[in-house]
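The values are calculated or read from the model by the stated rules, or taken from the named source; none is laboratory data. All figures in this text were calculated on a predicted structure; none of them were measured in a lab. Note that each Cβ is placed from the backbone with ideal geometry, even for glycine, and that neighbours are counted across all protein chains shown. Please note that ligands, DNA and RNA were not included when accessible areas were found on the heavy atoms of the full protein model with its side chains. Shrake-Rupley method; radii C 1.70, N 1.55, O 1.52, S 1.80 Å.
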Amino acid sequence: MLVGGASYAVVNHQLDNPLETLRGIGIASAGWGLTAASNFMAVLPGAVQAVAEGVRALPGALRAVADGLQAVAETAAAEGRVPQISQELAIAAINHVMVFGEPDPDDPDDLSQEVAPHAPQVIDHLTDLRAGAASEAVHAAALASNGNSAQLVRNLHALVTADPPVLSNRPNSQGARTS
């Protein structure tokens, strides 16, 4: 939720949509709250209730991420660009990066530990691909994944951790803020 909300906020900030940007920040804040609650569950008796409420909010958070990715693609189309990956592939890839609850190293779909702390940069690249604005290297990494969402995440992570790293060129991207 933390990464999904942050991604949603970033996408809407790029689209100059302040109301939806604030909604994304709220989702990210809820994700942070869930993370903190899971760490203190043994100590705080009300934490179980907070987690249950957060889980009930999960479908809305996932819908917000999907809506944000769709909005990026629609903006790209209006500007004459074609998305370089499908909505389904982008969402599946984000599901590999974002994890709800404790990471599970035995789950082949959970790549959250593998890509941390580079998840925001990987999501930047996924956003660029949906916007039809990814660099040649990022587009090549997407093509090399052959539609496999886990491989796409690994390919993008390899670009982000390369020397020098391949980061998004968007002014509001995580890479632009940290480089």
> Quick one: in the stretch 113-139, which of the residues that are surrounded by 21 or more Cβ atoms within 10 Å (Cβ to Cβ) and polar (S, T, N, Q) is nearest to residue 65 (Cα to Cα)?
Replying inline: 127
>> So if I check each of 77, 73, 90, 57, which one is open to solvent by 40 Å² or more (accessible area, probe 1.4 Å) and modelled with pLDDT of 70 or more?
In response: 77
